[in-house]
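These notes concern the structure reproduced below.
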Amino acid sequence: MLGTVLLLLALAKPVCLSPAGATSWRAEALKRLLEVFGMEDPPPPPAHVKQPPQYMVDLFNTVANADGVTKNPDILEGNTVRSFLDKTHGEKMRFLFVLSSVAKSEKILTAELHLFRLWPRATDGPKRHHFCQVSVYQVLEKSEPDAPGGKKLLAARLVSLQGSGWEVFAITQAVRDWMEDESSNQGLLVAVQDLGGSPLDPPPLQFASGRDHHESKKPMLVLFTDDGRRGASLPVAGFPDLQPQAPVLPARMPVPKLTGPRSARSLDRLQPCQRHPLSVDFEEIGWSGWIISPRGYNAYHCKGSCTFPLGENMRPTNHATVQSIINALKLSEGVSSPCCVPDKLYSINLLYFDDDENVVLKQYDDMVAGSCGCH
């Protein structure tokens, strides 16, 4: 619920402030909003137009709906997925990924090397192989990786020599080593071997490189982590449409006729507790340069009265029911009526460019009011 409260503070409009005061208020509000998203400063927009990896776009669409609201909470392992592109741009079958944007406090769950397998080159004579073995090594000695002790095997499996497409290899232990000692990150080495493990020269199988092939086929490291931030969010199952909550009138609640300039505000207070739209537009906030998806979302907020008697459809707690009775009968001084607050909260997902122009998918708990009740 903290995220929703800070969001309301950040989007609130200052009243009766000078232009300088309004600017200061906006800066402070956006700073608080960044805290909700776990950031100190907004990442700068990419220097050039960049397309996010299709894998990250597809993952976002699998996890979230068009507004970013989580629709399948069981897909992600942890709450953060980061993608890193290869930084070598030259040496074939050697790959280097810079992980400086990963916080030391993040728990490394799974790391994957994604390589795009190219169509095999045409060869003279009959083909001798239908499969080859692809081995991925963690480089321990940059200058002599093939020397004894110069590399460590991370993964090896058979790969078809027919067709093309993505191949994924688990490299979790290497990334954990690099996070413990950044200087140990000497990259990865990929070897194409025959079924007995001997090198094939020339290799019958080629993977796309960062320099010679389209951006959509670049080698990529995908890292699943968890930053430990947790809330009370629920999956959106059972509440897929996120439509405005219908107001539920308490039984026999009188609605007096009001006139005068204050009548609108008075009627608003008499409206029963219900959910109202609260649009968050990232372009209006000034974040559209680094947020890929969604362009905004409906956070919703709760507003209305919780007067006695509270109907079951207002989802009151037992405490709220007792409080409303005490308030109605004036049995104790200073006891107000219960408050209209979110009683279900849902998480949202952001797909964005970080400070190093890596694409990140991150899930944030307690960002959407799913329904409202009296508490």
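A few points about this structure:
- Within segment 270-375, GluC sites (Glu not before Pro) in DSSP loop having at most 13 other beta-carbon neighbours inside 10 Å: 333
- Solvent-accessible area of residue 88 with every protein chain in place, 1.4 Å probe, in Å² to the nearest 10: 50 Å²
- Of the cross-linked pairs 107/344; 71/92; 50/152; 303/330; 217/344, those separated by over 30 Å at the C-alpha level are 71/92; 50/152; 217/344.
- Extension gain, residue 173 back to residue 131 (0.36 nm per residue minus Cα-Cα distance, nm): 12.5 nm
- Within-10-Å neighbourhood charge of residue 228 [Cβ basis; K, R +1; D, E -1]: 0
The values are calculated or read from the model by the stated rules, or taken from the named source; none is laboratory data. Predicted, not measured: the structure shown is a model, and the values here were computed from it. Neighbour counts run over all protein chains shown; Cβ positions are idealised from the backbone, glycine included. Surface areas here come from the heavy atoms of the whole protein model, side chains and all, with no ligands, DNA or RNA. Shrake-Rupley method; radii C 1.70, N 1.55, O 1.52, S 1.80 Å.
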